[in-house]
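The values are calculated or read from the model by the stated rules, or taken from the named source; none is laboratory data. This is a predicted model, so every value here is computed, not measured. As a convention, Cβ positions derive from the backbone with ideal geometry for all residues, glycine included, and neighbour counts pool all protein chains shown. With ligands, DNA and RNA removed, areas are computed over all heavy atoms of the protein, side chains included. Shrake-Rupley method; radii C 1.70, N 1.55, O 1.52, S 1.80 Å.
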Amino acid sequence: MAVLLLAAPVLAQPLTIDALLARVVADPHPQPYTMTAEFTAAVTLFLSTGRVTVRAQGTYLEARPTSAAPRERRAVVQHLDVPLLLRPFTPSIKKAVTDLIETEQRLGDFLPTQDVFVLEERVGRYVLGGVRHDIVTEAMQRYGQGAYVTDPTARRALARWLFSPARRASIVRSGPPYALTATVDDAGLVHQLILYYDWGQVGSQIAFVMVGGRPFWREVQSDTSTDVQGLGRVDGHLVLVLSRHCLNCATR
């Protein structure tokens, strides 16, 4: 008599929050590389006199010179279209545009200051929330949970409760971001990051293209706040589009 044994399906283990955050911080491609591209950028500046848009074109370079070195980004603006009203400030605007392209707000930079939890799970994506450590610690002491102040699970549960719409106003604090949200995929790649400050919020949304098996920026949309010489602190919105990516190419 033949006996047919059917193997039970093997279910994938759910990704823990600690494992996911480890992937956010780790770089799966630490090898040295150079990636060049062309870019177009539109920066909308919100001035006291109204809203103006500056447009730029140029070349972009992203590189890691050695495996131990951090990733570097460099933008060269080759053409800048500045509204007539701002022509006297063209050099400082050019520098501001370059700085905005080269600077990235990375989720990993804020993780040491936040209690991070999963807000929502989607197919291949996780929406994370975070509340600043000192705010969570203060709440634990206020609600008689001081004994759990070193328990990561308890801290994340309380942070999630504090982040709820009904409690959100109570956690607003000055200084560094008092809270954040981020959309991350299974590989730890961050597709959206929003930072919450007492004066408002700033965020970025990133679309990627795969080149040689590595993800690189394809389009970046981000809120900005930067100092422009002659204009002072200026808020704005950046839309950056990169094309003609070339990985480890000797010539363009």
Number of the exception - F89 against (1) touching a strand residue (DSSP E or B) at 6+ places or on another chain (Cβ under 8 Å); (2) over 16 Å from V228 (Cβ atoms)
(2)
Looking only at segment 118-132, which residues are touching a Lys or Arg at 6+ places or on another chain (Cβ under 9 Å) and touching a residue at least 60 places away in the same chain (Cβ under 8 Å)?
V118, L119
Checked against (1) among the polar types (S, T, N, Q); (2) within 21 Å of F208 (Cβ to Cβ); (3) open to solvent by 50 Å² or more (accessible area, probe 1.4 Å), T36 satisfies every condition except (3)
Counting just the residues of segment 114-145 that are aromatic (F, W, Y) and part of a strand (DSSP E or B), which one comes out nearest to R167 (Cα to Cα)?
F117
Contacts under 6 angstrom Cβ, first residue in segment 53-65 being touching a residue at least 12 places away in the same chain (Cβ under 8 Å) and closer than 18 Å to V82 by Cα, partner open to solvent by 50 Å² or more (accessible area, probe 1.4 Å) and hydroxyl-bearing (S, T, Y), 6 or more apart
Q57/T40
Answer yes if at least one residue in segment 80-100 is in a strand (DSSP E or B) and either open to solvent by less than 20 Å² (accessible area, probe 1.4 Å) or farther than 21 Å from S204 by Cβ (or both), and no otherwise.
yes
Report, by residue number, each residue of segment 146-166 that is assigned to a loop (DSSP other than H, G, I, E, B) and either over 20 Å from T181 (Cβ atoms) or in contact with a helix residue (DSSP H, G or I) (Cβ under 8 Å, 6 or more places away or on another chain) (or both).
V149, T150, D151
What strands (runs of 3 or more DSSP E) completely inside segment 167-251 contain at least 2 residues that are under 22 Å from T34 (Cβ atoms)?
200-211, 214-228, 232-247
Looking only at segment 192-204, decide whether some residue is in contact with a helix residue (DSSP H, G or I) (Cβ under 6 Å, 6 or more places away or on another chain) and either at pLDDT below 95 or closer than 19 Å to L107 by Cα (or both).
yes
Matching entry among R168, R142 (being of a type in the set (K, R) and loosely packed, with under 13 Cβ neighbours inside 10 Å):
R142
Would you check which residues across segment 19-33 are buried (at least 16 other Cβ atoms within 10 Å of the Cβ) and either farther than 16 Å from R125 by Cα or in contact with a Lys or Arg (Cβ under 7 Å, 6 or more places away or on another chain) (or both) and list them?
Y33
I need a count of the residues in segment 171-211 that are at positive phi and surrounded by fewer than 13 Cβ atoms within 10 Å (Cβ to Cβ).
2
